[in-house]
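First comes the structure, then the notes that go with it.
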Amino acid sequence: MNSRSRRGFARLGLGGAAALTADLANAQTAAPKRGGTLVHAQLSANRRAADASNAKHPYFIVDANTRLQWNCLTWVNEKLEWEYELATKLEPTDDKMNVWDVTIREGVMFHNGREMTAADVASSFAYHRLNAPFARQIIKIEALSKYVARFTLDGGNSEFAFILAEYNSVIMPAGDLKTIGFDGIGTGPFRIVSTDPNRSLIMERFEGYWRKGFPYLDRVECHNREGQQEAALNGLRAGQFDAVLSIDPRAVQQFQSDTAYDIETAKGGYHFVVQLPKHPGSPFLDKRIRQAFAYAIDREAIVRIAYSGKYGWVGNDSHLVITDPNFVPRPGGRDVAKAKKLLADAGYPNGITLSPLYFSPPLPEVPRYFQVLQQSVKEAGFNMPIEERPNDGYIQFRQGENDVALGKYHKFAMTAVGSRNPGISLYRMRYEYVESGHWSGPEHDQYIKLYNEAMITRDAGKRKSVYAQMQAILHEEVPVVLPAGGDTFLIKRKNIRNMPFHPQIWSIRLDETWKA
Amino acid sequence: MLSAVLRRLALSLVTLLMLATYVFVATEILPGDALDVSLSADELSMMPPARLAQMKRELGLDRPAPERFLAFLGGVTQLDFGRTLISKTPVIDIVAFPLRNSLILGGAVLVAAIPLALFVGIVSAYWFRRATDTIISSAAIIGYSVPEFVIGTVLVILFAVAWPLFPATITANTKDPALALLAASPLPVATILIGSIAYLGRVLRVGMVEALATDFVERLRLTGVPEWRIVFLHALPAAVIPSLTAMALYAAALVSGIVVVELVFSYPGLGQELLRAVTRREVHVIQAFALLSAGLVVLFNLLADLAILALDARTRQS
């Protein structure tokens, strides 16, 4: 994974913009053409419900549009390495790595014609730290000068640069906490022309974009077609759409031999956490039941059926994706006999009936995924109803009435997980975070101790060995299961150039996309 | 005449009141309540009673059912269906434009379907049991039997993909002007139109066959009245009057029944919103849909009754 020494950070500070430009420009060398409208349909959804009052806010749009209207201080490229975006320099003030100074790019204009300053950064993160889980570690944010801001964290974080690239880390014009972000104004290459909540977002080129000469396109139209893949693909076939994002792996097979289209793959893509509740009375309080559940799942079958085999990968019950060099495979495969014995030892020799497992389909293949999961655990004695819920409002639904007085209650539910650096990924298993199922105990404490050690370790090689120890704890403890994941795909017409897909859908950029 | 009109208006109001009662009771007796939108069964089972009571109070579920029904009824009369449970948006804001769009789509279909169905019904009845009638009747049965999503998909394959004349999916926005929506919707209109012509044509054919077989028409023929006058001025009015109620019911059902077609084409009508409301268990939105759909049936029935009153002297006298 990315290992940046302090000197390395400074060096990247000088060359950050150049690196960003070079990375974005490497796909096609033919002379780009300016102008035109890119019309695309979007099948995936990872957002809260949008309505007329908030459809321009970065927290309520579909992720694929994040980098169109807004920018962050940093950006994560397709190889999951970070680069500078609105920042030109980012470094910790000392070896504790809990205080970070960021120098921002000068002359960056918002869509409203005002220059971005460190005050905007401070104001944006004052909002993010209250509303975005990844930003909660920021305890203080201040503007030191017009172009320098300081972040104070609740602990060291050697991978802080990745936090600044998150979809809920965009820079917005300064405002009060109640109104900031609702005007849809950002620094991105396109600005919002109109929105139709849950349906479409129309954008046009922002002439004052800080990357001079970009974007190439005049206009981008995004049409939301969640759960309507056939309508989206019909639109593509009929020439209405230039591209469709996040298509089902089965559709990839259908289109692979069709010379009219290109398919772009994002390796790693998405996977899914099954949160195992550990509130008082939950069967998952017993580690043996969690282990039995992990052994019962036929992960290979999920890969085979949900991802057509070659487009999926077996998860290791951590939030890491298989493309991450820190990923350690879970030892042993499926073992139904062992699962049954663990269940019997836990007092369920005749099997156990679980409460319904809730899931939402942020990608078209997800219903298949959970049907296979349900069937495979049944063989080991887990009678587990599954219930599909809509994407709209799912985040609020699955978190439930998360009241400490109830023992950190949450639902037995799935949530989608995007590809991220190990620092962010492994921190999601902390007690406080709902995705860990509020896992606690001495093993958890040891896990967090190792995490804290990694976060103040500059050397990536050393961090990797710490991350391996952390994953070993997860394999034994099984706080949650992450059975399998898959690559994600976009399909586009041949005349659309330089439109690579990204394992982090919120990091897709269309700056250099053009239409031949 | 006036008393007959007033009687039907009063009957329609009573029907609407009964419908509102039915919708309220139906959503009341379903298992669970609005809390189920955000809470699962085990969540409810372990929640402290005080917290549950507070949540019920926030949703107005702590009040007795009759009191809530009166509040519901009072709201309905002002087109206030409450707010959504998740986003707290006024339900009417969610329903208004999709309803308008579905009415536009249904209206366009009716405007085209009625004259075409008249033509089909007249031709088929005039050449009753001849080759023309057999061909038209067979086509009508096929058109009426094949599900609309199949017709829609076939039309997309033919006229959007193989021969790209029309859009395969609607990219117009929810609040776009009616003409913009219609311009983007030839295939959804055609999809519903096929079934509509088939059904209405069959209804009119039956009426026309009966009218053309009456002694009255026979007498007209014997007195030398031209055929076109017999068909259009004598038989057709007699055939249309009994068909009006069926046509009115069909028109009402059209608006609430085009859900599937709207989903096939991503048309921004009631279908999309209804699906979203059902999957999100937005009880108030579903209540609004049920009431508006039922209201349309009552309205179209009333219009049909009034039309019959205007056209048929016997009904007026009775």
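Give the stretch A:232-283 a look and list any residue that's within 21 Å of A:Val303 (Cβ to Cβ), in contact with a strand residue (DSSP E or B) (Cβ under 6 Å, 6 or more places away or on another chain) and among the aliphatic types (A, V, I, L, M), or say none.
Within the stretch A:232-283, A:Ile247, A:Val252, A:Ile263, A:Ala266, A:Val273, A:Val274 qualify.
Go through the stretch A:200-248 and tell me which strands (runs of 3 or more DSSP E), entirely inside it, have 2 or more residues that are aliphatic (A, V, I, L, M).
Fully inside the stretch A:200-248 and qualifying: A:200-205, A:243-245.
Looking at A:Pro197, A:Pro215, can you tell me which residue is in contact with a Leu (Cβ under 8 Å, 6 or more places away or on another chain) and under 30 Å from A:Arg114 (Cα atoms)? Reasoning before the result, please.
Details: A:Pro197 fails: in contact with a Leu (Cβ under 8 Å, 6 or more places away or on another chain).
After applying the criteria, what remains is A:Pro215.
Which is modelled with pLDDT under 85, of a type outside the set (Ser, Thr, Tyr) and loosely packed, with under 15 Cβ neighbours inside 10 Å, of B:Ala304, B:Ala294, B:Ala310? It would help to see each step written out before you state the result.
On the way: B:Ala304 fails: loosely packed, with under 15 Cβ neighbours inside 10 Å; B:Ala294 fails: loosely packed, with under 15 Cβ neighbours inside 10 Å.
Just one listed residue meets the conditions, B:Ala310.
Does A:Asp324 fit the bill of being within 14 Å of chain B (Cβ to nearest Cβ) and surrounded by 19 or more Cβ atoms within 10 Å (Cβ to Cβ)? I'd like the intermediate steps shown before the answer.
Values: within 14 Å of chain B (Cβ to nearest Cβ): no; surrounded by 19 or more Cβ atoms within 10 Å (Cβ to Cβ): yes.
So A:Asp324 does not fit the description; no.
For the stretch A:360-411, enumerate the residues that are more than 12 Å from chain B (Cβ to nearest Cβ), modelled with pLDDT of 90 or more and out of contact with any helix residue (DSSP H, G or I) (no Cβ under 7 Å at 6 or more places or on another chain).
Passing the criteria: A:Val366, A:Pro367, A:Phe370, A:Gln371, A:Gln374, A:Gln375, A:Lys378, A:Asn383.
Out of curiosity, is A:Leu357 touching a residue at least 60 places away in the same chain (Cβ under 8 Å), more than 14 Å from every other protein chain (Cβ to nearest Cβ) and within 24 Å of the chain's Cα centre (by Cα)? Give the derivation first.
Details: touching a residue at least 60 places away in the same chain (Cβ under 8 Å): yes; more than 14 Å from every other protein chain (Cβ to nearest Cβ): no; within 24 Å of the chain's Cα centre (by Cα): yes.
Judged against the criteria, A:Leu357 is not a match.
Tell me which residues, restricted to the stretch A:291-314, are charged (D, E, K, R), within 30 Å of A:Pro442 (Cα to Cα) and touching a strand residue (DSSP E or B) at 6+ places or on another chain (Cβ under 8 Å).
Going residue by residue through the stretch A:291-314, those that are charged (D, E, K, R) are A:298-300, A:304, A:310.
Keeping just the survivors that are within 30 Å of A:Pro442 (Cα to Cα) gives A:298-299.
Within the stretch A:291-314, A:Arg299 is the sole residue that qualifies.
Using the structure shown, decide if A:Val417 is more than 14 Å from chain B (Cβ to nearest Cβ), closer than 30 Å to A:Glu300 by Cα and at pLDDT below 95. Before the answer, list the steps.
Values: more than 14 Å from chain B (Cβ to nearest Cβ): yes; closer than 30 Å to A:Glu300 by Cα: yes; at pLDDT below 95: yes.
Criteria met by A:Val417.
Within the stretch A:426-434, identify whether any single residue is in contact with a Ser or Thr (Cβ under 8 Å, 6 or more places away or on another chain), modelled with pLDDT under 95 and basic (Lys, Arg), and answer yes or no.
yes
Where residues in the stretch A:486-509 are β-branched (Val, Ile, Thr) and outside any helix (DSSP H, G or I), which of them is nearest to A:Lys33 (Cα to Cα)?
From the stretch A:486-509, those β-branched (Val, Ile, Thr) are A:488, A:491, A:496, A:505, A:508; that's our starting set.
Next, from what is left, pick out any that are outside any helix (DSSP H, G or I): A:488, A:491, A:496, A:508.
Details: A:Thr488: 27, A:Ile491: 20, A:Ile496: 10, A:Ile508: 20 Å.
The extreme case among them is A:Ile496.
Assess whether A:Thr259 counts as being within 11 Å of chain B (Cβ to nearest Cβ) and at pLDDT below 95. Even if it seems obvious, please write down each step before you answer.
On the way: within 11 Å of chain B (Cβ to nearest Cβ): no; at pLDDT below 95: yes.
Judged against the criteria, A:Thr259 is not a match.
Condition check ((1) away from chain B (no Cβ under 14 Å); (2) over 28 Å from A:Ser53 (Cβ atoms)) across all residues:
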{"site": "A:Thr187", "(1), (2)": "yes, no"}
{"site": "A:Arg199", "(1), (2)": "no, no"}
{"site": "A:Tyr209", "(1), (2)": "yes, no"}
{"site": "A:Gly213", "(1), (2)": "yes, yes"}
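If a residue must be over 23 Å from the mean Cα position of the chain (by Cα) and at pLDDT 85 or above, how many such residues does the stretch B:76-106 contain?
Going through the stretch B:76-106, the residues over 23 Å from the mean Cα position of the chain (by Cα) turn out to be B:82-90.
Okay, now just the ones that are also at pLDDT 85 or above, so B:90.
Here the count works out to 1.
For the stretch B:18-41, does any single residue satisfy the condition of being on the phi > 0 side of the Ramachandran plot, surrounded by fewer than 15 Cβ atoms within 10 Å (Cβ to Cβ) and either modelled with pLDDT of 75 or more or away from chain A (no Cβ under 11 Å) (or both)? Step through it out loud before you land on a result.
From the stretch B:18-41, those on the phi > 0 side of the Ramachandran plot are B:32; that's our starting set.
Now drop any that are not surrounded by fewer than 15 Cβ atoms within 10 Å (Cβ to Cβ), which leaves B:32.
With the extra rule that they be either modelled with pLDDT of 75 or more or away from chain A (no Cβ under 11 Å) (or both), the set shrinks to B:32.
For the stretch B:18-41, residues on the phi > 0 side of the Ramachandran plot, surrounded by fewer than 15 Cβ atoms within 10 Å (Cβ to Cβ) and either modelled with pLDDT of 75 or more or away from chain A (no Cβ under 11 Å) (or both): present.
Among (1) within 27 Å of B:Ala172 (Cβ to Cβ); (2) surrounded by fewer than 20 Cβ atoms within 10 Å (Cβ to Cβ), which single condition is B:Ala71 missing?
Status for B:Ala71: all satisfied but (1).
Are there any pairs, at least 6 apart or on different chains, whose C-beta atoms fall under 7 Å, with the first in the stretch B:285-307 and over 14 Å from B:Leu19 (Cα atoms) and among the hydrophobic types (A, V, I, L, M, F, W, C) and the second at pLDDT below 85 and not in a helix (DSSP H, G or I), and if so, which?
These pairs meet every condition: B:Val285/B:Thr84.
The conditions are (1) modelled with pLDDT of 95 or more; (2) crowded, with 22+ Cβ neighbours inside 10 Å, and A:Lys338 fails exactly one of them. Which is it?
If we test A:Lys338 against (1) modelled with pLDDT of 95 or more; (2) crowded, with 22+ Cβ neighbours inside 10 Å, just (2) comes out false.
In the stretch A:246-261, is there at least one residue being buried (at least 22 other Cβ atoms within 10 Å of the Cβ), touching a residue at least 40 places away in the same chain (Cβ under 8 Å) and within 30 Å of A:Met109 (Cα to Cα)?
Taking every residue of the stretch A:246-261 in turn, none turns out to be buried (at least 22 other Cβ atoms within 10 Å of the Cβ), touching a residue at least 40 places away in the same chain (Cβ under 8 Å) and within 30 Å of A:Met109 (Cα to Cα).
Taking interchain pairs and intrachain pairs at least six residues apart, which have beta carbon atoms under 8 angstrom, with the first residue in the stretch B:173-193 and within 15 Å of B:Val259 (Cα to Cα) and the second surrounded by fewer than 17 Cβ atoms within 10 Å (Cβ to Cβ)?
Hits for this filter: B:Val189/B:Ala112; B:Leu193/B:Ala112; B:Leu193/B:Leu116.
Test each condition in (1) touching a Phe, Trp or Tyr at 6+ places or on another chain (Cβ under 9 Å); (2) at pLDDT 95 or above for A:Trp210 and report the one that comes out false.
(1)
In the list B:Leu274, B:Leu291, B:Leu249, which residue meets the criterion of being within 14 Å of chain A (Cβ to nearest Cβ) and touching a Phe, Trp or Tyr at 6+ places or on another chain (Cβ under 8 Å)?
On the way: B:Leu291 fails: within 14 Å of chain A (Cβ to nearest Cβ); B:Leu249 fails: within 14 Å of chain A (Cβ to nearest Cβ).
Just a single option satisfies the conditions, and that option is B:Leu274.
Looking only at helices (runs of 4 or more DSSP H) that fall completely inside the stretch B:121-199, which ones have 3 or more residues that are crowded, with 16+ Cβ neighbours inside 10 Å?
Values: elements: B:131-145, B:148-156, B:178-183.
Hits in the stretch B:121-199: B:131-145, B:148-156.
Which ones in the stretch B:69-114 are assigned to a helix (DSSP H, G or I) and either farther than 28 Å from B:Leu263 by Cβ or acidic (Asp, Glu) (or both)? I'd like the intermediate steps shown before the answer.
Step one: filter the stretch B:69-114 for residues assigned to a helix (DSSP H, G or I), giving B:69-77, B:91-114.
Answer for the stretch B:69-114, where residues must be assigned to a helix (DSSP H, G or I) and either farther than 28 Å from B:Leu263 by Cβ or acidic (Asp, Glu) (or both): B:Phe69, B:Leu70, B:Ala71, B:Phe72, B:Leu73, B:Gly74, B:Gly75, B:Thr77, B:Asp93.
Take residues that are buried (at least 20 other Cβ atoms within 10 Å of the Cβ) and polar (S, T, N, Q) and tell me which of the strands (runs of 3 or more DSSP E) falling wholly in the stretch A:30-142 contain 1 or more. It would help to see each step written out before you state the result.
Working: elements: A:37-42, A:74-76, A:82-84, A:87-92, A:99-104.
Counting at least 1 such residues, we get A:37-42, A:74-76.
Which of the residues that make up the stretch A:215-230 are crowded, with 22+ Cβ neighbours inside 10 Å and either over 25 Å from the mean Cα position of the chain (by Cα) or among the small types (Gly, Ala, Ser) (or both)?
Once the filter is applied, which keeps residues that are crowded, with 22+ Cβ neighbours inside 10 Å and either over 25 Å from the mean Cα position of the chain (by Cα) or among the small types (Gly, Ala, Ser) (or both), the stretch A:215-230 yields only A:Leu217.
Please verify whether B:Val260 is within 14 Å of chain A (Cβ to nearest Cβ) and either at positive phi or β-branched (Val, Ile, Thr) (or both), treating the condition exactly as stated. If you could, list the steps in order and put the result at the bottom.
Numbers: within 14 Å of chain A (Cβ to nearest Cβ): yes; either at positive phi or β-branched (Val, Ile, Thr) (or both): yes.
In short, yes.
What are the residues in the stretch A:323-365 that are in a strand (DSSP E or B) and among the aliphatic types (A, V, I, L, M), if any?
Result: A:Ile352, A:Leu357.
The values are calculated or read from the model by the stated rules, or taken from the named source; none is laboratory data. Bear in mind that the values here come from a model prediction, so they are computed numbers and not experimental data. Cβ: placed from backbone, ideal geometry, glycine included. Neighbour counts: every protein chain shown.
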